[in-house]
Structure formats: C-alpha cells, structure tokens
Amino acid sequence: MRSRQRMFAAGMRLLLKCLRLGRRRRFKLVRQAEQLWRYGHLCLRSLLYNSFTNGDVVLDSLFEPVYWLVDHVTRWFGVVFVALVIGLTSSIVAIVYICLLPLILQTYTPAWICWHLAYGHWNLIMIVFHYYMAITTSPGHPPQAKDNLTGISICRKCIAPKPARTHHCSICNRCVLKMDHHCPWLNNCVGHYNHRYFFSFCLFMTMGCIYCSISGWEMFRDAYAAIEKMKQLEKERLQVAANQTYYQTPPPTFSFRERAFHKSVVYLWVLCSSVALALGALTLWHAALISRGETSIERHINKKERQRLQKKGKVSTAQRAGRLTGRARCDTHLPRLQVFRNPYSYGSWDNWKVFLGVETPRHWLTRVLLPSSHLPHGTGLSWDLPPCVTEQRAPLLAI
C-alpha cells in the first residue's frame, strides 16, 4: 500500500515538473517574440527618426546591399567593359576596311568616294581621340588640405574638403570635382576635366553608327536576302544529298568568302543600329543636361530642392508664377513667388560655350570640329563667371 502511494506521489511530482517546464518554455517563446517585435519596431522608428526621411530614404536603405554589389561589380568589370568597347569598335572598322571599302571604290563615283573617305576617317579620328582622352584624363579631385578653400563642406565618407559641385564616388572611393557619374564603359569617373571628352565620344560614336546604318542599308538588305537564299539552298542540297552517295553530292552554292561577307554586313548594320539607338538616347539626355548647366547628380538634387521649396511656398513653377503675377495686378496682398533656377546656368547658348570651351568664333573649328585637349574653364574648386558669357545673370534662388 505504501509503495503504491510512493509511486503515485512520484508520478504526480514528475507531472508537475513537466508542466512547470512547459510553462517556462512557453514563457521563453513569448519573451523571444516580444524581443523580435521590439527590435522590428526600433528599426522602423530608426527609419522615421526625423522629418527629412521619406520614401526615397527608405528605398535607399533597403537597396543598400544591391548598391554595394553593383559598385564592386562595376569596379572589377571596368577593364572588361573597356576591352569590349575597343573590340566591338575594332571589328566594325575591320569590316569596313576589308569588306565595304573595296566595294565603295569599285562602284561609287569619285565625288562619293571622296565624301566617304573624308567623313569616315574624320569621324573615326574623333571617336578614338575622345575615347582615349576620356579614359586617361583624371576627372579631377579636390585637395586634401584645406588651405585656401573657403565656404566648403567636408565629405562624410573620405573626411576631406568638398567644394561646390563635388561629390563622392563610391566606386573610386574618392571625391570628384563636378561629378556627373561613374561610367563603367570608361572605367573612370566623368567629372570636371573629362566631361567634354565623354560627351564628345558619345556624340561622334552616335554619328558614326548612324552614318554606317544609313550608308549600309541597301547592302544590309542584299546581304540579308542572300543569307536567306543560302539557307533555302542548303535545305534543298541536303534533301538531294540524302538520296545520293557521297561522291555525287553537289558542291556548295556559296563560297566561304561570300558567306563571311554577307554575315559581316548584317553584323555591322545590326550592331551600329542598336548602338545608335541606345547611345543616341544617352547623348540627347546629356545634351539636355548641358543646356541647363546641370550634371546628372545636380538634376536630382535640384529637383528635390525645388519640391522642398515648393512645399514651403517659397518658389513655384513658371506657369504658376505667371498666373500669380497676373493676379497680383488686381490684388497686391498676394505674395510674389520666385522661380527655381540652377545657379550654375548661364542660358542654353552660353552653357554650351562654357562646356565646349568656345571663347572665340574660331574655337568652333579648332576645339569642336577638330581634336583638342584644351582644359575646361576654372579649376573645379570655385565657379566664377566665365569670360565667354555674354551677360551677368541675376541672383537665382537655388542651392
């Protein structure tokens, strides 16, 4: 009897101990869930800790690992991209000299031959010169010591003086004067000293691709039709050969040289047309930025600043400002709003003259239409009024 009571008491104690352990485990899971909730709540509040945080900041924080991966891939694959540009361009030049130039000399009139030789070689020289200069020319970097630089900030990443229009490149890991962007096809940053070379390369490469596409359109149609005929004859030849012996198989209709010629013409036209569309769109985009006196980074900054000042009621768009100016004639109590403008813009025409370095009329020939290694205006540390600007602009409301 006593043994049964002892066994029952031991079983009850074991049951109570198991219940107590289960309760502790449940409490532990609840505590872990509560800690995870508090951590997530803290991370969410850290993204919204001040009034400057918006959707762009949240997206930048979420995509920070992607940005890190892209920066490192671009850094290591820059040499590959440069080799790809040189290889593709060299292949097009080789096809033109080997396949198309003999045909031009045999079939075209002397006037057209002179035109193609002059324009083609001039365009090729401009492409090679500006691409080489864009790769080898440093975009410009601010000095590390703050000696004679006044009114500048400090870069938060490299802890060095940061003049106006200077930005930090995460791929080069340095600050760049008047930085536009980091171009993987150049394996270099586009900045103050090589911005003109980069744009000129894009412009002349687009012109060369358009020239090849237009000049080779008829050749492309003939070559494409010949390739289709090759495929059809190849099918018929295989069908005939299937019912004959090896020594009775007819010889190929087209020789290897003819096949290579037609395929090279198709390759040239397709590649040039594709590059002309893609690079032409990029060239037009940068031409619009140059007309406004902005870089790619400054366009984003000016857009954000314009939106911020519009919310505060300090500036307005041109149309809204015009409507308010018309109303102000009847009501003098309405505030007159200013229009946001880029402080480094001198007008579309003067912006192009400053960008290209045109100070006299003859510079359009010696500095624009011919290869020129002249330096841009200024040092990139300060932005005084260029001598080629026709008139002084009024003070503008901008950063």
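Data table
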| item | result |
| --- | --- |
| Region 93-142, residues that are in contact (Cβ under 8 Å) with a residue 24 or more places away in the chain and not in a helix (DSSP H, G or I) | 137, 138, 139, 140, 141, 142 |
| Residues (modelled with pLDDT of 50 or more and not hydroxyl-bearing (Ser, Thr, Tyr)) located in region 380-399 | 380, 381, 383, 384, 385, 386, 387, 388, 389, 391, 392, 393 |
| All positions within region 173-218 that are under 22 Å from residue 152 (Cβ atoms) and without any contact (Cβ under 8 Å) to a residue 60 or more places away in the chain | 173, 174, 175, 176, 189, 190 |
| Qualifying residues in region 281-330 (those that are touching a strand residue (DSSP E or B) at 6+ places or on another chain (Cβ under 7 Å) and at pLDDT 80 or above) - the one most open to solvent (accessible area, probe 1.4 Å) | 306 |
| Some residue of region 194-205 being polar (S, T, N, Q) and crowded, with 24+ Cβ neighbours inside 10 Å | yes |
| Where a residue in region 343-362 is in contact (Cβ under 8 Å) with a residue 60 or more places away in the chain and over 15 Å from residue 289 (Cβ atoms) and its partner, wherever it lies, is open to solvent by 50 Å² or more (accessible area, probe 1.4 Å) and not in a helix (DSSP H, G or I), with Cβ under 9 Å and at least six apart | 357/375; 357/377 |
| Of residues in region 178-208 being in contact with a Ser or Thr (Cβ under 7 Å, 6 or more places away or on another chain) and more than 17 Å from residue 289 (Cβ to Cβ), the one modelled with the lowest pLDDT | 184 |
| Of the criteria (1) at pLDDT 90 or above; (2) surrounded by 11 or more Cβ atoms within 10 Å (Cβ to Cβ); (3) under 26 Å from the mean Cα position of the chain (by Cα), which one residue 78 fails | (1) |
| Tally of residues being open to solvent by less than 10 Å² (accessible area, probe 1.4 Å) and not in a loop (DSSP other than H, G, I, E, B) across region 162-182 | 3 |
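The values are calculated or read from the model by the stated rules, or taken from the named source; none is laboratory data. Computed from a prediction, not measured in an experiment: that's the story for all the values here. Cβ coordinates were reconstructed from backbone atoms using ideal geometry, including for glycine residues, and neighbour counts include every protein chain displayed. Just the protein is used for accessible areas: all its heavy atoms, side chains included, with ligands, DNA and RNA removed. Shrake-Rupley method; radii C 1.70, N 1.55, O 1.52, S 1.80 Å.
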